Each structure stands twice: as C-alpha cells, then as structure tokens.
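Below is one structure, written out as structure tokens; the observations come after it.
The values are calculated or read from the model by the stated rules, or taken from the named source; none is laboratory data. Keep in mind that what you see is a predicted model, and the values were worked out from it rather than measured. Methodologically, a virtual Cβ is constructed for each residue, glycine included, from the backbone with ideal geometry; neighbour enumeration extends over all protein chains shown. Surface areas here come from the heavy atoms of the whole protein model, side chains and all, with no ligands, DNA or RNA. Shrake-Rupley method; radii C 1.70, N 1.55, O 1.52, S 1.80 Å.
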Amino acid sequence: MMARLVRQLALIVALGAIAQEGAVLAAAPAAAERVVVRVGEHPGFSRLVFDWRGPVGVRLEQTGTQATVYFDKAAELDLARYKADPPPGIANITVTPAETPGAPGMAVAITMADGYRARLMEVDGVVVVDALKPGTPLDA
C-alpha cells in the first residue's frame with residue numbers, strides 16, 4: 001500500500017513538472033518572421049521590396065538623406081540581395097528594434113544619396129520603398 005502511494009505521488013510530481021514545462025514553452029516568444037528584401041533599378045528610381053507573409057502596419061519618415069520605415073512587427077530581414085548589389089541611390093540600410101522598448105516592431109533606416117526622396121507603398125504585406133532620383137516626380 002505504501003509503495004503504491006509513493007508511485008502515485010511520484011507520478012503526480014512528474015505530471016506537475018511536465019505541465020509546468022509546457023506552460024514555460026507556451027510562454028516562449030515565437031521566432032521572428034523572416035522577410036526577404038528584394039532590390040530593383042528602374043528608370044528614375046531604385047526599389048526595395050519587403051516580402052512579409054501578410055499585412056503589416058508601416059509608415060515612412062524622411063529627413064534629408066535619412067528615410068526611416070517603421071514596421072509594427074519585428075522580423076529577421078534577409079538583406080543578401082541588397083548587400084550583393086546595392087541599387088543606385090541607396091547607400092546603407094540599418095535595422096533597429098521598435099521605438100518603445102519591449103514593443104513589437106522595428107525601424108529600418110535607409111541612407112539615400114543626396115537629393116533622393118523616398119516613396120512608400122504597401123499591399124497585403126508587400127512593402128515597397130522607392131528611392132526617387134532627383135527631379136523624378138512622385139507619381140513616376
């Protein structure tokens with residue numbers, strides 16, 4: 001009888017440990033989405049395309065040669081295509097966490113050549129940032 005009680009108690013302790021481990025695993029954050037960044041060169045502008053899996057909140061601010069794209073979700077950016085062949089007008093890309101510590105999201109700072117302007121478009125998670133050459137109209 002005592003051996004049975006000890007086995008039941010051991011089973012209860014083991015099940016409790018498993019349940020607790022499962023709770024810890026469930027609370028772990030999901031891996032960040034991997035977003036491929038494509039590049040292109042077109043008459044009058046260069047283009048960066050961020051291929052998200054679905055819609056994402058995004059906004060653009062530009063001051064001088066610095067354009068910053070703010071995303072409401074964080075991701076791991078695959079910049080291999082940009083690094084292999086940076087398009088004209090885009091000198092550098094830097095990724096930083098969200099503006100507010102602990103908040104979801106990230107900022108992508110794009111340093112442009114003098115005179116270039118940024119244009120932003122987003123449709124169902126495909127985010128396009130164009131670097132317009134000086135003199136190119138926004139509706140080009």
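Below, the figures for the structure above:
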{"item": "Verdict on VAL58 being open to solvent by 20 Å² or more (accessible area, probe 1.4 Å) and touching a helix residue (DSSP H, G or I) at 6+ places or on another chain (Cβ under 9 Å)", "result": "no"}
{"item": "Residue match in the range 104-124 (condition: within 18 Å of ARG34 (Cα to Cα), open to solvent by 20 Å² or more (accessible area, probe 1.4 Å) and of a type in the set (Asp, Glu))", "result": "yes"}
{"item": "Count - residues of the range 25-43 that are of a type in the set (Gly, Ala, Ser) and at pLDDT 95 or above", "result": "1"}
{"item": "Residue list for the range 60-93, filter: of a type in the set (Lys, Arg) and at pLDDT 95 or above", "result": "ARG81, LYS83"}
{"item": "Residue satisfying condition, being surrounded by 15 or more Cβ atoms within 10 Å (Cβ to Cβ), farther than 15 Å from VAL36 by Cβ and of a type in the set (Ser, Thr, Tyr), within set THR63, THR68", "result": "THR68"}
{"item": "Residue list for the range 34-61, restricted to those being part of a strand (DSSP E or B), farther than 17 Å from ASP85 by Cα, in contact (Cβ under 8 Å) with a residue 60 or more places away in the chain and touching an Asp or Glu at 6+ places or on another chain (Cβ under 7 Å)", "result": "VAL58"}
{"item": "Selection within the range 107-124 - under 17 Å from PHE50 (Cα atoms) and not in a strand (DSSP E or B)", "result": "ASP124"}
